[in-house]
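Working notes, structure below.
The values are calculated or read from the model by the stated rules, or taken from the named source; none is laboratory data. Because the structure is predicted, anything quoted here is derived from the model rather than measured. Here the Cβ positions follow ideal geometry from the backbone for every residue, glycine too, while neighbour counts run over all protein chains shown.
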Amino acid sequence: MNWIEALLLGIVQGLTEFLPVSSSGHLILGQEILGLNTSSSDNLQFIVTVHAATVLSTIVVLWKEIAQLFRGTFLAKQWNDEKSYVMKLIISMIPVFIIGVFFKDYVEALFGQGILLVGGCLLLTACLLTFAYYAKPRQKDQISYKSAFIIGLSQAVAVLPGLSRSGTTIATGLLLGNKKENVAHFSFLMVLVPILGESLLDLIKMISEPGATSIGIMPLIVGFLGAFIAGWIACKFMINLVKKGKLIYFAVYCALIGIVSITFALLN
């Protein structure tokens, strides 16, 4: 992978991380289009790097919300809404933490399964977005602890390439009757710690095992920058889009790309 290919894939990751179309699935499709034959460990390392970039873009976009949560959690002595919200975020992270600790090798293997799996998961994403669009939510004022855990379960399932993390968690939150804006913010905040933690572990591995990847440092840096800038733009766009309830268009897009991916995989 050269730096131009890394830049293109980084931009793809940044744009699709927050749009409900599966960033990991589009990365695999992008690698297929560019003809990149990288190992599953290299694929995962690049994916983790660009995911870290989009997490940082999330922090930039949602800085005010994050600062408020920090002040309310660490500076206030009494139990308050901020501490309750942070507890819900922690609960939502439990399922993906279990997946990362006990099933990491299986997840890595999934990223080498090709575009047939991606296509199938994109169709599943389309179904979830369609159900969420036509559902009649009760419009709860706050996300409950139970809803936080269920949304966390959906995030754990969304480790499958092609199954959109943001699409799955937002659709799950909407189907549970939560307000669109609340679900969007919760979905983007709940992924911060898991991805940053995974990125830290991957960085430690890169330092301790310099020869563990064939991608190289420069493509990783360029991919990171491309994903950060594109992610910053996409995050702001997606929050406004969820408020307007326009997810059905992405359901159609995921269905079309899923069908094309499956057809291409079967014909080759």
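A few points about this structure:
- Every test in (1) surrounded by fewer than 18 Cβ atoms within 10 Å (Cβ to Cβ); (2) at pLDDT 75 or above; (3) not in a helix (DSSP H, G or I) is passed by T38 save one, and that test is (2).
- Counted residues, the range 130-180 - those being part of a helix (DSSP H, G or I) and over 22 Å from I195 (Cβ atoms): 10
- Test result for E209, modelled with pLDDT under 75 and within 21 Å of V118 (Cβ to Cβ): no
- Restricting attention to the range 141-166, the residues that are closer than 15 Å to C254 by Cβ and either modelled with pLDDT of 85 or more or in contact with a Cys (Cβ under 6 Å, 6 or more places away or on another chain) (or both) total 3.
- Here A230 fulfils each of the conditions (1) surrounded by fewer than 20 Cβ atoms within 10 Å (Cβ to Cβ); (2) touching a residue at least 12 places away in the same chain (Cβ under 8 Å) apart from (1).
- Residue count for the range 233-268, restricted to those that are surrounded by 13 or more Cβ atoms within 10 Å (Cβ to Cβ) and basic (K, R): 1.
- Look at the range 9-26: where a residue is modelled with pLDDT of 75 or more and a partner is of a type outside the set (K, R) and not in a helix (DSSP H, G or I), sitting 6+ places away or on another chain with Cβ atoms under 7 Å, you get T16/S22; P20/S164; P20/L247; V21/S164.
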